[in-house]
Each structure stands twice: as structure tokens, then as C-alpha cells.
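A short write-up of the structure that comes next.
The values are calculated or read from the model by the stated rules, or taken from the named source; none is laboratory data. Quantities reported herein were computed from a predicted structural model and do not represent experimental measurements. Every residue, glycine as well, gets a Cβ built from its backbone with ideal geometry; the counts of neighbours run over all protein chains shown.
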Amino acid sequence: MRAWLGYSLRRKLSLLMLVFALIPMLFLGLFAYGISAHLTKKNALQLGTDTLRQIRGNLSSMIEDVEGMSIYLIGQRDIQRYLHMQEDHEQLRADIVGDIANLARSKYYISHISIYASQPGTILSSSSIYDNDFHSPIDVTQFTDKSWSGLMTIRDFAGERDVITFVRPLRSIYDYQVLGWLTISLDERQVSRDWDNVRLGGVEGQVSLIDQQGQILSSTDKSLLFDAWNEVYPGTREAFARSAYGEVSYRPAAGDQDDTSLIYYQEPLNRWTLVSSLPTSWYGAQSNYILHLTVAAIVLALLLSGGLTLFVLRRVTKPLQLLTRLLTKIDPHHPLPAFHTDTQDEIARLGESYNLLGEHIEELKRQVILNENRKKQADMQALQAQINPHFLYNTLSSIHWMALMNGNGSIAEMVGSLSDFLRFSLNQGKDYCPLRQELAHIRNYERVQSIRYPDKFKLDVTVEETLLEKSMLKLLLQPLVENAMVHGIQKKQGMGSITVIVEGQGDRMMFHVLDDGVGMEPERLAELRSSLESGAERVGYGVFNVHERLLLHYGVQSGLQIDSKPGAGTHIRFSIPIRGEDEHEDINRGR
């Protein structure tokens, strides 16, 4: 086997393509033919069941509409009043007939609606029925509860038609005594009008509706109407009672009639059954069709496989073209895609060199990023190192005590706040501090500025108590507060306010710095945003430095977002991950 793997790529591919193309295609053809009949029948039955489910939904809607109409008419005041009268009231009778006629016309499948009063011969109907004996098959006085009649034929001004009638006793709303009977008739042709285009398994199927007594109420084959189902398909109706839906195979005892698959679905409201029939001979025709299609597919696949083999064998032996395809997929922001192979041929050796090149490029990228980060940190440390901390502390302490001795409390307070301000800025060389120290830092800045600019501004700080001990990169808020003071409040007439809000949002802390100063014109705001996005320092050092430090330490999702309107003020916000003090202590020690 190892010696065979060392053969040339052309020889290996020739043999493999012959094995993996020819033999599976032959097995595929035999397998497809073996299961085609089963799958065809199964899919056809499933499609038939789904189709009947949709038809049943429409039928249920009709039945529910009839039920709703009957309830509405029973409670209608005019009808109740008319049936309670001992004598006929012509105007009220005309109003009721008009109402039920409008109600019947509102649904296309309603043939007519009739109300039978307890007094013999009193009938209010939405349609004039010519046959005087129409009502004799429906002896409404025998109905003590709502029920459906069988199929019957009527003749009115539109001609003859078959109807299915719903009968319901019409009781008094006061004492529940029977005042008459209500009938609502469905037009059989309208009930089945959407069944004519039903296709079951790709062919037209016959759909019928049978009632609980086994009479055919409606059908796409009108010759079956009024027949008993067991006379058409003997012995099958009993099988429908076994489940709500399913399939029954009917095999005639003799004759030229084909075997038939009967797919049924019961309507739960009144236990009617929808049945569709599909000749089983159609399955065999479909199987033969699939067999011919499979043979054609195998022949075509073999021809394509032969042509593809000749094409591929010329292409895959050219390793430079293969590597070119990989190089065209290179994304500068992602590593080079690796080249994998288990052989020892020419492409494998070229792939090893390609993989080594990708690893070397990734190492160079990591080194460049590390050097840039070190450079930025060194610049920050160099900026801080320009201030001699001991000299400043001693000098400010001396000025503080001299001011106290001379009784000048304002100077003492200002110098003390400045001393705390500078001490926090240096922070013993640490980059991170608790949120409470950052807030204390801007408070020191506030005290210094309030002495310098009395009654010019006020600072409001709102923070969630649970975040005070969470750790953050130091010196993020003070430059933003100073920016709001210098560029927003000082340029405003009268007193202004600066608001700092710190709130938790999931696993991040959200910071807001808002002022009601002069704001920025749209052109200036666009220039500021562009400067931050491009990384070119064309804006104030403080804002740019905060943005760069956020990107460096927390990533692009933590950069500054700025909104401003002229005369309304400026809103600067950013978010950082919520971290404990211990996490950042490890970072401080690892610098």
C-alpha cells in the first residue's frame, strides 16, 4: 500500500476515479429502482393526506360558520318576538326574511336559510322553493337537538340543486321552550367546487364526503351522489373508524377495475369523513419512469465522469496552479489557509513549503502587533515620567501648609486637590484602578476648576453602587470631563453642568459624559469622528489619547462614540468589560 501511495498522481487518480465512479453508479441504479415504488407510494399517500387535511380545514370552517349563524339567528330579537306572537305580523315577517336572505348571500356555499314556526304552515325562508314536498323529507318536529340531514334535491328559481341541511331547534331565550326550528342548507356544488382541481401524488384524484350513516353527501364524481359508500367500495367504511386519518387498500373481487388506495380524513365536528381514491396502477407507472430516469442519469454520469477525469488529471498535476487557487483566497485579516495532504508526491512537498511560509507570516504579524503595543505603552510611560513625582509632592505640600498658615483656605484646598490629582495620575506606575478612584480623580479636578472658575459649572456623578470596586483603565474620565469643561462650558454664557453616568449593561460598564455647553457644528463633529476612525491625531490630544488607549486595552468595541448638537451640548460614551480588581492586578504585575 505504501509503495502504491508513492506512485505518480496521474496513475493514482486514474484508478481511483474508475473505482469511485463506475461501481457506485451501478449500485445506485439497482438501489434506486428497488426503492422507487415504495417511496413513490409513500410520498403520494403523504401528499394525499396533506391535501385532505387542507380540504378538511375548509370544510370545518363552513361547518363552524353554519353553527355560528344558527346561534346568531336563535338570539335575534325580531325572530324571538315574531315566534312568540299568536298572529302573523306582516312587516316583521318581511324584515326577518330580508335579514336571513342577506345572511345567506354573505356566504357563497349557503343555499338557503329557513325558519319553521311551531304553528303548522308558517315558514320563513330566504329562497322560494318550488317543490311543495321539499320539507316533508325533513320532519323538523322530530329534531330535539341540532343535527345534519342527508343529501336531498331542491328546485327553486335557479333550477335543481342538491343540498345538505343543518337543523336546529329554535328555543325561547326566556323559558327555553321550542318555538320552532331553524334550517341552514349547504349547496353541494359549492361545497365541492374546490375539489375538482385537487391533485393527489401528481394525478387528479377523486374526493368524496360521506356522513356517519355512510351516505355520500358530496363528490367530484356526481354520479356517486345519494349512493351508499359500501355499495361503491364494499367493506372499506368500517376501516375508516379505526383512526382519524389513514389509508385503506381496496381490491375488487372481480372485473377490470384497478386496485385503489383510499386515503381518508375525518372531520371532528360532526364525524363526516373525507375520502380520496388513487389507482395503484399509477405507482407502477411512476416506478418505470424513475427506472428510465435512473438509467439515463447513470449513462450521463459515466460520460461526464470520463470527461472530468481527463480534465482533472491535466490540472491537478500542476502544483503551481493549485497553490495559486489558495493564494487567491487570502484575506489580509486572517491566516493563510493551510494545505493538507497525506501523500509524499510533488504537491505534498510544495504544500509543506507553503504551510511554513504561512506560519512565518503569522509570526511576523504577531511580532509587529506586539512591538506597536510596546511602543504605545512606552510613549505613555515617557509622558508620565516627565513629571518628577517626589519634587511635585514636596513642593505642593509646602504650598499647602503655607496657605493654611496664612489663613487662605481656598489656595490650600486647591493645592491639596491638585496634589491628589497628580498622585492618582502617576498611581505608582499602575495602569488600572478601581472605579471609585477614577471618580475621586474627577472630583479633585472639579475642586481645582471650581476655585478657578467659581459659579461656572457643576459636576453630577451617577453610578451603580455595585460597580464602584470594579477595575478599569485609569485616566479615562478626567480628559473627557476636561474636554467638556474647556470646549463646552467655558464657551457658554452663564453656568453649565457636566454629568457623568456609569451603569452596567450585561457584562460591560457603560460610561456617559454629557454637557449642556455650546455643542459642535455638524462639520466639526464629522471631522472629529473621522479623526478617531482613521487614527490620525487631528483633534485634541486628550480625546484622541483616551480613544487610542481604549482600543489598545479593550478592543474596537470600546472606542469613543460622540454625538453633539449646536447649542444643545455634547454626549461622549464608551463601554468596557466588567472586571474585578484581581484581574487587573495580574496585568499590572505582568507589565
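Scan (1) farther than 30 Å from Leu308 by Cα; (2) out of contact with any strand residue (DSSP E or B) (no Cβ under 8 Å at 6 or more places or on another chain); (3) at pLDDT below 85 for the single condition Ser61 breaks and write down its number.
Only one criterion in (1) farther than 30 Å from Leu308 by Cα; (2) out of contact with any strand residue (DSSP E or B) (no Cβ under 8 Å at 6 or more places or on another chain); (3) at pLDDT below 85 is unmet by Ser61, namely (3).
Does any residue of the stretch 494-511 turn out to be part of a loop (DSSP other than H, G, I, E, B) and more than 30 Å from Lys430 (Cβ to Cβ)?
Looking through the stretch 494-511, at least one residue is part of a loop (DSSP other than H, G, I, E, B) and more than 30 Å from Lys430 (Cβ to Cβ).
How about the stretch 84-115: which of its residues are part of a strand (DSSP E or B) and hydroxyl-bearing (Ser, Thr, Tyr)?
Ser111, Ser114
Taking only the stretch 477-500 into account, find how many residues are closer than 14 Å to Gln561 by Cβ and in contact with a Ser or Thr (Cβ under 8 Å, 6 or more places away or on another chain).
Adding up the residues that qualify gives 0.
Could you tell me which of the residues Lys474, Lys456 is surrounded by fewer than 20 Cβ atoms within 10 Å (Cβ to Cβ), of a type in the set (D, E, K, R) and touching a helix residue (DSSP H, G or I) at 6+ places or on another chain (Cβ under 7 Å)?
Just one listed residue meets the conditions, Lys456.
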